[in-house]
Amino acid sequence: MTNSPSIEIVPSANIVRGRFIERLNRFVLRCIVEGQACSAYLPNPGRLWEILLPGCALFLVKNHRTAMGKPKLPWTVVAARRRGRTILLHTHLTNQVVARLLEGGLIPSLAGARIVRREVRADHSRFDFLLERAGLPYLLEVKSCTLFGDQIAMFPDAVTERGSRHLQELAAISAREGLSCGVVFMVHSGGARFFLPDYHTDPAFARTFLQMKDRLDFRAVAVTWGRDLRLRPPVRELEIPWDLIDRENRDSGSYLLVMEVARDLNLTVGGLGEIFFRKGYYLYVGSARRGLASRLARHLRRRKTFFWHIDYLRDRADDCRAIPIRASMPLEHDIAAALEGIADWTVPGFGSSDCRCPTHLFGMKAHPLRSRAFLGVLQHFRIDRLEADLPGK
């Protein structure tokens, strides 16, 4: 696409800038638009932790009155800015992007393919495109990818049973009907070079992805968006490091527990005795050489026999979220060292009686998932550290 003109998906005259305040639910944001606080529709169910940070720039379009009456929300979010990049968030527009790329022959491995029909029903699902490729029918599904580090993109950023089902159904259709089928992951970061399924977040999807390696055509295509929401050259197909996926997607590794303590608390913690926990948020680092999923499920339960230091605090915490970091190598102590550098305070000796770390429990005044520093640590251990193992490194 080096010599191709930029592509406009949403007329720039219709775009209004805004600022993100908070996410009210999966599909509604609170934001500032034209100097006023308001709610906006977000057509994207992903977690978007790394993007939707307080104050981030948003691109929105006005929702106009239709034949059905006044819209429920006045605005729809189209895109956002992250680390100097514009990222398309409107998942429904991703198909339009792929259609324009197909029509322009801008996906090299699908050059010459012609769109026959959109929204094609097959088995129990509806797939995005029926193409004609080399004179034969070709069924294509599209997924939007907004999770990426420096050179690696991952999908999904939230558990997607629907995504796994799509892969399984496409493979079944291909085997039964002899029909070629594929999936395009549209990566909204021109800096990406490699694509992996996000086995941290959805190991079941990653396993399905790996199982379908020889049964479906997988493509990841990286694109760059300008500040005017025009697609800029180049368009790049990414490499999928299959051996790395096979090595890393396992039920072992490290994890973080993110807990809220809503009020000051004095608590007796096993052999550590009485500890004062100030109001705030706590990050606990742990590991499981096997059975990581079971370990996390245990931590999330309140009713259990207390065994570890963390059991005492988890029992009294007002909220708890588990974040796995699946890996083939031990990372627990490196993660603890990284968190010590960004924490507001620590609890000495907590969870570290069997290692040399000063502690495995760290406190923060604000919610870690709204902290760029914490999300930077998470991105490093989940994504960027893998760059050293990529082909050509």
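The values are calculated or read from the model by the stated rules, or taken from the named source; none is laboratory data. Computed from a prediction, not measured in an experiment: that's the story for all the values here. Glycine gets a Cβ as well: all are built from the backbone with ideal geometry, and neighbour counts include every protein chain shown.
Report yes if some residue within the stretch 184-199 is farther than 22 Å from residue 235 by Cβ and either buried (at least 17 other Cβ atoms within 10 Å of the Cβ) or out of contact with any helix residue (DSSP H, G or I) (no Cβ under 8 Å at 6 or more places or on another chain) (or both); otherwise report no. Talk me through it step by step, then tell me what you get.
Step one: filter the stretch 184-199 for residues farther than 22 Å from residue 235 by Cβ, giving 198-199.
Still in the list and also either buried (at least 17 other Cβ atoms within 10 Å of the Cβ) or out of contact with any helix residue (DSSP H, G or I) (no Cβ under 8 Å at 6 or more places or on another chain) (or both): 198-199.
Looking through the stretch 184-199, at least one residue is farther than 22 Å from residue 235 by Cβ and either buried (at least 17 other Cβ atoms within 10 Å of the Cβ) or out of contact with any helix residue (DSSP H, G or I) (no Cβ under 8 Å at 6 or more places or on another chain) (or both).
Give 232, 298 a once-over and let me know the one that is outside the structural domain of residue 185 (by TED's automatic domain parsing) and either more than 30 Å from residue 188 (Cβ to Cβ) or not aromatic (Phe, Trp, Tyr) (or both). Full working, then the answer.
On the way: 232 fails: outside the structural domain of residue 185 (by TED's automatic domain parsing).
Testing whether each residue is outside the structural domain of residue 185 (by TED's automatic domain parsing) and either more than 30 Å from residue 188 (Cβ to Cβ) or not aromatic (Phe, Trp, Tyr) (or both) leaves just 298.
Quick grid of which residues meet (1) of a type outside the set (Ser, Thr, Tyr); (2) at pLDDT 95 or above; (3) in contact with a helix residue (DSSP H, G or I) (Cβ under 7 Å, 6 or more places away or on another chain):
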| site | (1), (2), (3) |
| --- | --- |
| 295 | yes, yes, no |
| 305 | no, no, no |
| 332 | yes, yes, no |
| 342 | yes, yes, yes |
| 345 | yes, yes, no |
| 355 | yes, no, yes |
| 363 | yes, yes, no |
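If we keep just the residues of the stretch 324-338 that are more than 21 Å from the chain's Cα centre (by Cα) and farther than 16 Å from residue 354 by Cα, which is surrounded by the most Cβ atoms within 10 Å (Cβ to Cβ)?
Ranking the qualifying residues of the stretch 324-338, first place goes to 338.
Conditions (1) modelled with pLDDT under 95; (2) under 18 Å from the mean Cα position of the chain (by Cα); (3) in a strand (DSSP E or B); (4) not small (Gly, Ala, Ser), marked per residue:
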site	(1), (2), (3), (4)
182	no, no, yes, no
186	no, yes, yes, yes
201	no, yes, no, yes
209	no, yes, no, yes
228	yes, no, no, yes
234	yes, no, yes, yes
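Looking only at the stretch 104-147, which residues are basic (Lys, Arg) and either crowded, with 17+ Cβ neighbours inside 10 Å or more than 29 Å from the chain's Cα centre (by Cα) (or both)?
Listed by number, the residues that qualify are 114, 117, 133, 143.
Filter the stretch 148-159 for residues that are touching a Phe, Trp or Tyr at 6+ places or on another chain (Cβ under 7 Å) and surrounded by fewer than 19 Cβ atoms within 10 Å (Cβ to Cβ) and give the result.
151
Say whether the condition of being surrounded by fewer than 20 Cβ atoms within 10 Å (Cβ to Cβ), at pLDDT below 95 and on the phi > 0 side of the Ramachandran plot is met by at least one residue in the stretch 85-103.
Looking through the stretch 85-103, none of the residues is surrounded by fewer than 20 Cβ atoms within 10 Å (Cβ to Cβ), at pLDDT below 95 and on the phi > 0 side of the Ramachandran plot.
Every residue in the stretch 239-271 that is of a type in the set (D, E, K, R) and outside any loop (DSSP other than H, G, I, E, B), please.
The first filter runs over the stretch 239-271 and keeps only residues of a type in the set (D, E, K, R), leaving 239, 243, 246-248, 250-251, 260, 263-264.
Passing the criteria: 239, 243, 246, 247, 248, 260.
Scan the stretch 368-390 and report the pairs whose first residue is of a type in the set (Gly, Ala, Ser) and whose second residue is modelled with pLDDT of 95 or more, with Cβ atoms within less than 6 Å and a gap of 6+ or a chain change.
Pairs found: 373/342.
In the stretch 18-30, how many are part of a strand (DSSP E or B), in contact (Cβ under 8 Å) with a residue 12 or more places away in the chain and not acidic (Asp, Glu)? It would help to see each step written out before you state the result.
The initial filter retains those residues of the stretch 18-30 that are part of a strand (DSSP E or B), namely 18-25, 28-30.
Those left that are additionally in contact (Cβ under 8 Å) with a residue 12 or more places away in the chain: 18-24, 28-29.
Next, from what is left, pick out any that are not acidic (Asp, Glu): 18-21, 23-24, 28-29.
So the count comes out to 8.
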